[in-house]
Amino acid sequence: MTVLIEREEPIAVVRLNRPEQLNALSNQLMGELVGALENLDDDEAVRSIVLAGNERAFAAGADINELADATPLELYFGGRIDRWDAIRKIHTPIVAAVSGYCLGGGCELAMACDLIVAAEGAQFGQPETNLGVLPGAGGTQRLTRAVGKSKAMDVILTGRFLSAREAEQAGLVARVVADDAWLEEAKRVAHEIAAKSPVGVRLAKEAVNQAFETTLAAGLDAERKAFHLALSSEDAQEGLKAFTEKRKPEFKGR
């Protein structure tokens with residue numbers, strides 16, 4: 001198995017499991033990863049997901065041997081990019097827990113998550129230009145939106161790495177913690193998210209993604225619709241009632 005699942009309801013931890021290859025994103029791994037995420041997304045008991053590698057690497061990039069042996073047509077028609085689109089469609093919030101190398105496709109995978117918690121010693125980069133190619137799974141687009149054009153150009157064109165602190169200051173990483181706390185902090189954040197209304201959290205995720213991808217006017221329109229949809233839920237009624245009664249709400253995800 002190239003992907004391991006640890007259930008700690010109401011969260012689940014999905015671990016990339018190719019340690020000898022620094023979790024290089026092979027076709028098998030990506031297929032198992034998408035299947036795992038989609039199954040967890042359909043599970044009402046799971047309200048937040050942590051996606052992690054190991055201490056040495058979140059993922060050091062694509063599987064270069066597979067890329068070198070494949071033709072452009074095989075890559076295009078093989079559904080490789082479809083898997084990245086499937087991750088984008090996951091409704092359940094995903095926290096990337098990053099330690100060590102987070103490069104190339106690994107960085108693109110972390111950026112496809114909803115927020116990144118990084119160890120102090122983590123390193124981020126898109127070094128594909130060292131191989132004569134360029135990021136092909138969202139790196140040129142998501143990194144630019146996250147850190148701005150100048151920083152993205154610097155990272156992508158030179159192939160240099162960003163430290164966790166520099167990535168945090170640039171807006172790529174949400175939180176940086178000690179090297180021995182990266183996974184526990186990601187789990188803590190996931191539990192904090194899972195304690196909220198699944199309805200409100202999922203709709204909020206959609207609204208933030210709209211801000212990331214569209215105009216202000218279109219984003220505001222999407223936010224208004226999401227707000228009123230959330231307000232019609234049982235969770236919203238429970239949350240408002242619990243606030244007035246000065247007690248902790250019991251959200252059901254309805």
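The values are calculated or read from the model by the stated rules, or taken from the named source; none is laboratory data. Computed from a predicted model, the values in this text were never measured in an experiment. Cβ atoms come from the backbone with ideal geometry, glycine included; neighbour counts cover every protein chain shown. Ligands, DNA and RNA are excluded from the accessible area calculation, which covers all protein heavy atoms including side chains. Shrake-Rupley method; radii C 1.70, N 1.55, O 1.52, S 1.80 Å.
See the values below:
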quantity: Complete set of residues in segment 79-115 that are acidic (Asp, Glu) and without any contact (Cβ under 8 Å) to a residue 12 or more places away in the chain; calculated: 82, 85
quantity: Elements of type strands (runs of 3 or more DSSP E) contained in segment 1-88, each with 3 or more residues being closer than 26 Å to residue 132 by Cα and open to solvent by less than 40 Å² (accessible area, probe 1.4 Å); calculated: 57-59
quantity: Qualifying residue in segment 97-106 (condition: over 18 Å from the mean Cα position of the chain (by Cα) and either within 30 Å of residue 250 (Cα to Cα) or surrounded by 15 or more Cβ atoms within 10 Å (Cβ to Cβ) (or both)); calculated: no
quantity: Hits in segment 9-24 (condition: closer than 23 Å to residue 48 by Cβ and modelled with pLDDT under 95); calculated: 9
quantity: Evaluation of residue 195 against (1) farther than 24 Å from residue 88 by Cα; (2) open to solvent by 30 Å² or more (accessible area, probe 1.4 Å) (one fails), failing number; calculated: (1)
quantity: Flag if residue 244 is loosely packed, with under 13 Cβ neighbours inside 10 Å and closer than 23 Å to residue 111 by Cβ; calculated: no
quantity: Selection within segment 191-232 - more than 19 Å from residue 41 (Cα to Cα), of a type in the set (D, E, K, R) and not in a helix (DSSP H, G or I); calculated: none
quantity: Total residues in segment 47-74, condition more than 16 Å from the chain's Cα centre (by Cα) and either among the β-branched types (Val, Ile, Thr) or over 13 Å from residue 106 (Cα atoms) (or both); calculated: 12
quantity: Within segment 214-230, tally of residues that are closer than 22 Å to residue 252 by Cα and open to solvent by less than 70 Å² (accessible area, probe 1.4 Å); calculated: 2
quantity: Residue match in segment 113-122 (condition: open to solvent by 30 Å² or more (accessible area, probe 1.4 Å), within 16 Å of the chain's Cα centre (by Cα) and among the aliphatic types (A, V, I, L, M)); calculated: yes
quantity: Cβ pairs under 7 Å, 6+ apart, first in segment 235-248 and touching a residue at least 12 places away in the same chain (Cβ under 8 Å), second charged (D, E, K, R) and loosely packed, with under 10 Cβ neighbours inside 10 Å; calculated: 238/250
quantity: Tally, over segment 169-187, of residues that are part of a helix (DSSP H, G or I), surrounded by fewer than 17 Cβ atoms within 10 Å (Cβ to Cβ) and within 16 Å of the chain's Cα centre (by Cα); calculated: 0
quantity: Candidate set from segment 123-146 (those that are among the β-branched types (Val, Ile, Thr) and modelled with pLDDT under 95); member that is least open to solvent (accessible area, probe 1.4 Å); calculated: 129
quantity: Pair list, Cβ under 8 Å, 6 or more apart: segment 120-147 residue over 20 Å from residue 99 (Cβ atoms), other residue among the aromatic types (Phe, Trp, Tyr) and part of a helix (DSSP H, G or I); calculated: 137/84; 138/84; 145/212
